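S.K.: Mind having a look at this structure? Questions to follow.
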Amino acid sequence: MRPVAVLSLICLIAAALLAGVNQLTVDPIKEAAKQLKMDALAEIFPFEVGTVKVCEENETVYYELLDDSETLKGVGIETFTNTGYSGRINVLLAVSPEGTIYNYKVVYTKETPGLGSKLSDPEFKKQFKGKSKAPGFVWKVKKDRGDVDAITAATISSRAIIDALVRGLNLYAAKYE
């Protein structure tokens with residue numbers, strides 16, 4: 001009976017220590033995640049990020065960037081696609097008040113290293129800057145009779161990023177237009 005009591009006591013102490021450490025790290029982890037989002041927003045907008053208002057609506061997170069007079073300067077949208085070569089791709093999309101793309105950042109992907117990672121190459125990304133859902137730009141890769149230059153050997157990933165960007169623009173239009 002004594003070994004059971006000793007083992008139970010050890011387990012109880014270990015569980016209490018784990019719970020205590022967990023409580024101590026919850027807030028720092030949340031703060032680090034928040035700082036990573038702010039750094040990502042600063043990276044994709046062409047101006048200094050000041051006041052950010054976070055809005056959640058229908059499982060979508062919007063980051064409204066405001067100037068000193070509370071005027072909307074841009075919106076960051078967490079968007080995604082499940083059509084990547086290796087599944088889900090999460091994207092943080094920067095949209096102007098007029099509904100055009102400033103930039104984007106791939107925040108999660110399992111695409112093939114060396115190919116899917118090219119979705120973040122400035123040369124690939126620049127073809128989306130200033131684009132919107134307005135007629136004139138065909139949101140498909142050239143192989144599918146569209147206007148997007150696909151990444152060589154990564155057509156599926158290129159189609160996936162288009163899907164994520166269009167999804168983000170549609171979310172923007174539904175909320176802000």
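The values are calculated or read from the model by the stated rules, or taken from the named source; none is laboratory data. Just so it is clear, the model here is predicted, and its values are computed rather than measured. Every residue, glycine as well, gets a Cβ built from its backbone with ideal geometry; the counts of neighbours run over all protein chains shown.
S.K.: For Ala94, all conditions in the list (1) small (Gly, Ala, Ser); (2) loosely packed, with under 12 Cβ neighbours inside 10 Å; (3) modelled with pLDDT of 90 or more hold save one; what is the number of the exception?
M.R.: (2)
S.K.: What are the residues in region 39-68 that are closer than 23 Å to Asn170 by Cα and hydrophobic (A, V, I, L, M, F, W, C), if any? Even if it seems obvious, please write down each step before you answer.
M.R.: Initial filter on region 39-68 (closer than 23 Å to Asn170 by Cα): 40-46, 52-66.
Listed by number, the residues that qualify are Ala40, Leu41, Ala42, Ile44, Phe45, Val52, Val54, Cys55, Val61, Leu65, Leu66.
S.K.: Which one of the conditions (1) at pLDDT below 95; (2) surrounded by 11 or more Cβ atoms within 10 Å (Cβ to Cβ); (3) among the hydrophobic types (A, V, I, L, M, F, W, C) does Val26 fail to meet, given that it meets all the rest?
M.R.: (2)
S.K.: Kindly provide the set of residues from region 30-75 that are assigned to a loop (DSSP other than H, G, I, E, B) and buried (at least 17 other Cβ atoms within 10 Å of the Cβ), ordered by number.
M.R.: The answer is Phe45, Val49.
S.K.: Further, regarding this structure: Do the conditions hold for Lys175, that is, is it under 30 Å from Leu72 (Cα atoms), modelled with pLDDT under 95, outside any strand (DSSP E or B) and in contact with a Cys (Cβ under 9 Å, 6 or more places away or on another chain)?
M.R.: Spelling it out, Lys175 is indeed under 30 Å from Leu72 (Cα atoms), modelled with pLDDT under 95, outside any strand (DSSP E or B) and in contact with a Cys (Cβ under 9 Å, 6 or more places away or on another chain).
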